[in-house]
């Protein structure tokens, strides 16, 4: 097996319209395809993330269970995306009333990074190249 990269990440949201607005209008991700699946009463929104080739699959389901949200819980911790200019990215998010943590410096790589959350509290990291 030879894995060549990440194709997509899948997210289940609690409020489809709110999450769609966040990912498309706030983060600026491009809609590839939007599908309503009547048999599941569910939307699937495929989003293009920048020029990386990575996609996000945004799903909605009626009454999804809450995500376990304890510090250092076992499982996926957060998603991180590379940005060229962290200060500009933070300013753009804050201008759209998105709370962003203070910028920190990775003690191992000496690169700058920060975190913000989507409408469901899913953690996103911005990591400066």
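The values are calculated or read from the model by the stated rules, or taken from the named source; none is laboratory data. None of these values were measured; they are calculated from a predicted model. Using ideal geometry, Cβ is built from the backbone for each residue, glycine included, and neighbour counts are taken over all protein chains shown.
Before moving on, here are some points about what is shown:
- Subset of the stretch 70-99 (residues that are touching a residue at least 24 places away in the same chain (Cβ under 8 Å) and within 22 Å of residue 21 (Cβ to Cβ)): 78, 79, 81, 83, 89, 90, 93, 96, 98
- Test: residue in the stretch 19-31 that is surrounded by fewer than 14 Cβ atoms within 10 Å (Cβ to Cβ) and farther than 19 Å from residue 96 by Cβ: no
- Residue in the stretch 32-50 that is exposed (fewer than 10 other Cβ atoms within 10 Å of the Cβ) and closer than 23 Å to residue 128 by Cβ present: no
- Odd one out for residue 120, checked against (1) exposed (fewer than 11 other Cβ atoms within 10 Å of the Cβ); (2) part of a loop (DSSP other than H, G, I, E, B): (1)
- Counting only strands (runs of 3 or more DSSP E) that sit completely within the stretch 23-103, those holding 1 or more residues that are over 23 Å from residue 127 (Cα atoms) and not assigned by TED's automatic domain parsing to the domain that holds residue 126 correspond to 30-37, 42-48, 55-60.
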